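Colleague: First the structure, which I've put down as structure tokens, then a few questions once you've had a look.
Read-outs throughout are calculated quantities, based only on the coordinates presented, and are distinct from any laboratory measurement. Worth saying up front: this structure is predicted, and the values here are computed from it rather than measured. Methodologically, a virtual Cβ is constructed for each residue, glycine included, from the backbone with ideal geometry; neighbour enumeration extends over all protein chains shown.
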There are 4 protein chains.
Amino acid sequence: MLNKVMLIGNLGADPEVRYMPSGDAITTIRLATTRRWKDRNSGDRKEETEWHRVVFFSGLAKTAGEYLKKGSQVYVEGRIRTQKWQGQDGQDRYTTEIVAESMNMLGSRSGGTANYSDNNTPPPSSYDQRPSAPSSSSGPQSAPASYDDFDDDIPF
Amino acid sequence: MLNKVMLIGNLGADPEVRYMPSGDAITTIRLATTRRWKDRNSGDRKEETEWHRVVFFSGLAKTAGEYLKKGSQVYVEGRIRTQKWQGQDGQDRYTTEIVAESMNMLGSRSGGTANYSDNNTPPPSSYDQRPSAPSSSSGPQSAPASYDDFDDDIPF
Amino acid sequence: MLNKVMLIGNLGADPEVRYMPSGDAITTIRLATTRRWKDRNSGDRKEETEWHRVVFFSGLAKTAGEYLKKGSQVYVEGRIRTQKWQGQDGQDRYTTEIVAESMNMLGSRSGGTANYSDNNTPPPSSYDQRPSAPSSSSGPQSAPASYDDFDDDIPF
Amino acid sequence: MLNKVMLIGNLGADPEVRYMPSGDAITTIRLATTRRWKDRNSGDRKEETEWHRVVFFSGLAKTAGEYLKKGSQVYVEGRIRTQKWQGQDGQDRYTTEIVAESMNMLGSRSGGTANYSDNNTPPPSSYDQRPSAPSSSSGPQSAPASYDDFDDDIPF
DNA sequence: TTTT
DNA sequence: TTTT
């Protein structure tokens, strides 16, 4: 019942943003996580880089598309999803990806706004997707990417 | 920016349920997690049990209060919170607890309804708190503990 | 740098155990995690089951092969790994799996030994893989499945 | 049985390093995690900072003591531990802390060696504690802080 | 006491 | 393809 993925890594390229007929954004990134270890016998340092396809929906997609870029370090939390599709040869293929449920930009101490676009929007340091909440960022060209549209108020 | 706790353990006692003036429930449990290891030198088996105070709010509180009981095995995800208070001697004291953000009852394959109260409500196997959503379970004595009141629909 | 997966689910079939030339076991399971939610518009209950291929090595493989079976509920922690291979048509294919780093059998209070094989070995409730430690449980037919072969002693 | 904590935060002060009679280091940090949300009714932005006491042992303690400093952003994984002690008034007191099991320095792209001490040691970007392995980095002034002393080799 |  |  639990299907949770937590990644900290760097983007191999700028995000790709697509749009749904509804106007909702879908953003995809390629995220590298590198594991380092010493070989048990030889003592050699080894490393292995794993590339993850991460998909963001709704408000998260907008934020990811705006603030992430090639090289960014990011924390992503989400779930694993494997999708089945048909190759041109008619055979089944499977693609596994991470559906992001929240993200956090990391290491943004150094630059401040310099890491982000040319306006002076405060950078999103934390964002939690709340798919059920009404998409409050109404209308085109609303205020730049409020990255915390939803309430999180817990009594007491 | 990340403050996440994940526990799998058993309740040491039945949940305690309190009510706010607003009528919202607040449920508290004591959860045991046991770590087992072998002593490096002696080779002896060792074990250590840690007790956690876990607090549930809103809809989660209702569910936890209804379905959990002494001995139940449960997965809890949440965050750490330390609260300061004053002892009678005027000195500062600190209490650390886990604020639950979601939970999952475990091991409920065997019994089905037997693990729960006397009605034949299907047991809640997964529940995600969405504090911002309106508390839809309207009115007293509504249908027994809808444990997934909120939408989670993600486009595509 | 972080690549972490946490799953709680049930096995869709008995584990498959293979052996390396070295004699080490490699165990593979198919694990189902089910997500439930309500459709935002229709209000309908929905659910989606995701199947994960989980691979265990070394001591973990032995334990998983011995104690897990079809239907078992288990907690698995590990990392995502995608492997590339060639189809018969010469095209690249990718398979994503979870490399297990620790596991926990769940819900085994109720049943006790009934959930396990015919001897009265206590069930493994927690196991941490320590790949670097020597595989101490040497020889055939050693004491039944010591599931915690390695030291975890932390000073103080 | 699972007792896992994952934190990403910033150090409020330089680490404190103590030494055991055995010579092993024990390092303690204060780590801030900040949660931000919007008030449900007023719509006001709110934030709350939680301070965590994190304790590192063995090799991890050495690394944490050497490379972390006030303001550093770090990922810490560990477990919750509550210790009981007696106040001067003879009453029981409890202190909850996080026992670190691994850590990762974050956001160190910008600075490179500038974030670290005056030698040109490569910064530790990932470190996993393996308490059971022999503390191989023996002797004073050994090669500067090998942050991955232990083997992690997993057979295919 | 950190950080954004 | 990223990063250290």
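Colleague: Within a 10 angstrom radius of each residue's Cβ in C:73-81, how many Cβ atoms of other chains show up on average? Whole number is fine. Kindly include the intermediate steps, with their values, before the conclusion.
Modeller: Values: counts 7, 0, 7, 1, 4, 0, 5, 9, 3.
Per residue, the number of nearby Cβ atoms from other chains is 4 on average.
Colleague: Between residue C:69 and residue C:22, what is the spin-label point distance in nm, taking each point 7 Å from the Cα along the Cα→C-beta axis?
Modeller: Here the answer is 3.0 nm between the modelled labels.
Colleague: Among B:64-75, A:82-93, D:9-20, how do they line up from the highest to the lowest mean number of other beta-carbon atoms within 10 Å?
Modeller: The peptides rank, most packed first, as B:64-75, D:9-20, A:82-93.
Colleague: Let me ask another. Write down, largest first, the equivalent ellipsoid semi-axes of the stretch A:3-103 in whole Å, where each equals the square root of 5 times an eigenvalue of the alpha-carbon gyration tensor.
Modeller: Working: eigenvalues 155, 77, 28 Å².
They are 28, 20, 12 Å, listed largest first.
Colleague: What ranking of B:57, A:56 emerges when the number of other C-beta atoms within 10 Å of each C-beta is taken as an exposure proxy, fewest first?
Modeller: By the 10 Å Cβ count, ascending: B:57, A:56.
Colleague: Sticking with this structure for a sec: Got a sec to turn the phi values of the stretch A:41-50 into Karplus ³J(HN,Hα) couplings, 6.51 cos²θ - 1.76 cosθ + 1.60 with θ = phi - 60°, whole Hz, x for Gly and Pro?
Modeller: These are the phi-based 3J(HN,Hα) values: 8, 7, x, 5, 5, 10, 8, 9, 9, 10 Hz.
Colleague: If amide H atoms are built 1.01 Å from N in the plane of the peptide, which residues on other chains or at least 5 residues away come under 5 Å of the amide H of residue D:73?
Modeller: Counting only residues 5 or more places away or on other chains, the set is D:106.
Colleague: Shifting gears a bit: Go through A:62/C:38; A:84/C:62; B:46/D:84; B:84/D:84; B:62/D:38 and tell me which ones have a Cα-Cα distance over 21 Å in this structure. Let's see the in-between values first.
Modeller: Details: A:62/C:38 24 Å; A:84/C:62 31 Å; B:46/D:84 19 Å; B:84/D:84 17 Å; B:62/D:38 24 Å.
In this structure, A:62/C:38; A:84/C:62; B:62/D:38 exceed 21 Å between Cα atoms.
Colleague: Right, something else. How many Cβ atoms of partner chains, on average, are near each residue of A:4-12 if near means within 10 Å of its Cβ? All intermediate terms of the calculation are to be shown ahead of the outcome.
Modeller: Numbers: counts 10, 9, 10, 7, 10, 3, 2, 0, 0.
For this peptide, the per-residue mean of nearby foreign Cβ atoms is 6.
Colleague: Per residue of A:28-37, what is the mean number of Cβ atoms on other protein chains within 10 angstrom of that residue's Cβ?
Modeller: Numbers: counts 0, 0, 0, 1, 2, 7, 4, 8, 9, 10.
Average per residue, whole number: 4.
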